[in-house]
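K.L.:
There's a structure below that I have some questions on.
The values are calculated or read from the model by the stated rules, or taken from the named source; none is laboratory data. As the structure is a prediction and not an experimental result, all values here were calculated from the model. Here the Cβ positions follow ideal geometry from the backbone for every residue, glycine too, while neighbour counts run over all protein chains shown.
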Amino acid sequence: MSYLESEQSVASGKPIELFDIAMGLTHWRLTTHGADYDFLDDTYESAPTTRTQIEQTGEIPKDGIDLFTPRGFSLDTVCIAGAPDQEITLTIYRGHDGLFVTYFRGFLTSVTFDKNAVAKYHFEPRSSDMPFIGGRRRCSRLCCHRLGGYRCGVNLEAYKISGTIDTIDGVAIEATEFDIASDFSSGGRIQVGNAQRMITAHSGEEITISRPFGSDVEAGASFYAWPGCDHTPTTCKNVYNNKVNYGGQEFLPTKNPYAGDLIY
């Protein structure tokens, strides 16, 4: 029987799923089969692994799946503080009697642990990472351009600062280089080595980041940082001198002239 015939069969199907989780050259391979399974010269370890159903909705990012791995799975230690900076991908192969198809491809976006320390990995389909998918530009007072994008035109390298971390305590970082007029709290980011974090608050020499760096980032480490943008015309003009490319409609009326009121 072909794969499709086995998949559609009420009684003859013997589905096996193989989960290939990859981070760079490192792979974690699991299978729902009752014993270890060899596929394409790789061995998939038999483990109690489950996932949610794959759905197709009107919003592609919502078409992801949740993968539940065994307690104490070796990937858990990599993701104990959240999804790592390096991309982690998932490929699911589904087959019957040795006939397999690629059933799902996605990338890790979040990791959570329940009270029993069982991990739930959420993977979004690769299609959700495609540029310009779905949405169209809409009218709004605030600018809808991505800072530094081709519609914005700002050269972010001209606003990049570099320095050395004076103190670091979890999400709080102090460096004398941050005591400048630029505001890093509106979507700014900091990079130490290859790891980046979003800056959520900025006051004087201190910034707050979205989540901690690893234990290898200590005081004295070098960093690069870029300011953010609150997408207002004031910031666009006074900070980036880029008002000509402002993407918002700041004079959009607050009252709808087509609402049917007698007086506008």
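K.L.:
Run SER127 past the list (1) more than 30 Å from SER215 (Cβ to Cβ); (2) in a loop (DSSP other than H, G, I, E, B) and report the number of the one that doesn't hold.
P.N.:
(2) is the only condition that SER127 fails.
K.L.:
Something else about it: Within the stretch 67-106, track down each residue that is within 23 Å of ILE190 (Cα to Cα) and of a type outside the set (S, T, N, Q). Quick ask: steps written out before the conclusion?
P.N.:
Keep residues of the stretch 67-106 that are within 23 Å of ILE190 (Cα to Cα), which gives 78-88.
Hits for the stretch 67-106 are VAL78, CYS79, ILE80, ALA81, GLY82, ALA83, PRO84, ASP85, GLU87, ILE88.
K.L.:
Another question, then. Any idea which of (1) surrounded by 11 or more Cβ atoms within 10 Å (Cβ to Cβ); (2) under 23 Å from GLU250 (Cβ atoms) is the one ARG138 doesn't satisfy?
P.N.:
(1)
K.L.:
Among the residues of the stretch 70-119, how many are of a type in the set (Lys, Arg) and buried (at least 16 other Cβ atoms within 10 Å of the Cβ)? Show your work before the answer.
P.N.:
Filtering the stretch 70-119 down to residues of a type in the set (Lys, Arg) leaves 71, 94, 105, 115.
Imposing the further condition that a residue be buried (at least 16 other Cβ atoms within 10 Å of the Cβ) reduces the set to 94.
Qualifying residue count for the region: 1.
K.L.:
Further, regarding this structure: Write out, first by first residue and then by second, each pair whose Cβ atoms fall under 8 Å of each other, whose residues are 6+ apart or on separate chains, and whose first residue, in the stretch 243-264, is among the aliphatic types (A, V, I, L, M) while the second is modelled with pLDDT of 75 or more and assigned to a loop (DSSP other than H, G, I, E, B).
P.N.:
Final answer for the pair search is LEU252/CYS139; LEU252/SER140; LEU252/ARG141.
K.L.:
Which numbered condition trips up GLY82, out of (1) closer than 27 Å to VAL217 by Cα; (2) assigned to a loop (DSSP other than H, G, I, E, B); (3) free of Cβ contacts under 8 Å to residues at least 40 places away in the same chain?
P.N.:
The single condition GLY82 does not satisfy is (3).
K.L.:
Evaluate the stretch 197-207: report whether one residue or more is surrounded by fewer than 14 Cβ atoms within 10 Å (Cβ to Cβ) and either among the basic types (Lys, Arg) or not assigned by TED's automatic domain parsing to the domain that holds SER162 (or both).
P.N.:
no
K.L.:
Can we say ARG146 is among the basic types (Lys, Arg), out of contact with any Pro (no Cβ under 6 Å at 6 or more places or on another chain) and part of a strand (DSSP E or B)? I'd like the intermediate steps shown before the answer.
P.N.:
Numbers: among the basic types (Lys, Arg): yes; out of contact with any Pro (no Cβ under 6 Å at 6 or more places or on another chain): yes; part of a strand (DSSP E or B): no.
For ARG146, the condition - among the basic types (Lys, Arg), out of contact with any Pro (no Cβ under 6 Å at 6 or more places or on another chain) and part of a strand (DSSP E or B) - is not met.
K.L.:
Given the residues GLY220, GLY228, which is the only one that is surrounded by 17 or more Cβ atoms within 10 Å (Cβ to Cβ), in a loop (DSSP other than H, G, I, E, B) and touching a Ser or Thr at 6+ places or on another chain (Cβ under 7 Å)? Can you show your working first?
P.N.:
On the way: GLY220 fails: surrounded by 17 or more Cβ atoms within 10 Å (Cβ to Cβ).
Sole residue among the options that is surrounded by 17 or more Cβ atoms within 10 Å (Cβ to Cβ), in a loop (DSSP other than H, G, I, E, B) and touching a Ser or Thr at 6+ places or on another chain (Cβ under 7 Å): GLY228.
K.L.:
Search the stretch 233-254 for residues being among the polar types (S, T, N, Q) and over 8 Å from ARG141 (Cβ atoms), and hand back the single one that is surrounded by the fewest Cβ atoms within 10 Å (Cβ to Cβ). Explain how you work it out, then say what you get.
P.N.:
Just the residues of the stretch 233-254 that are among the polar types (S, T, N, Q), to begin with: 234-235, 238, 241-242, 245, 249, 254.
Subset that is over 8 Å from ARG141 (Cβ atoms): 234-235, 238, 241-242, 245, 254.
Numbers: THR234: 10, THR235: 20, ASN238: 10, ASN241: 9, ASN242: 18, ASN245: 14, THR254: 5.
Top of the filtered list is THR254.
K.L.:
Every residue in the stretch 194-216 that is within 19 Å of the chain's Cα centre (by Cα) and either in contact (Cβ under 8 Å) with a residue 40 or more places away in the chain or closer than 17 Å to ASP85 by Cα (or both), please. If you could, list the steps in order and put the result at the bottom.
P.N.:
To start, the set of residues in the stretch 194-216 that are within 19 Å of the chain's Cα centre (by Cα) comprises 194-200, 209-214.
Within the stretch 194-216, ASN194, ALA195, GLN196, ARG197, MET198, ILE199, ILE209, SER210, ARG211, PRO212, PHE213, GLY214 meet the criteria.
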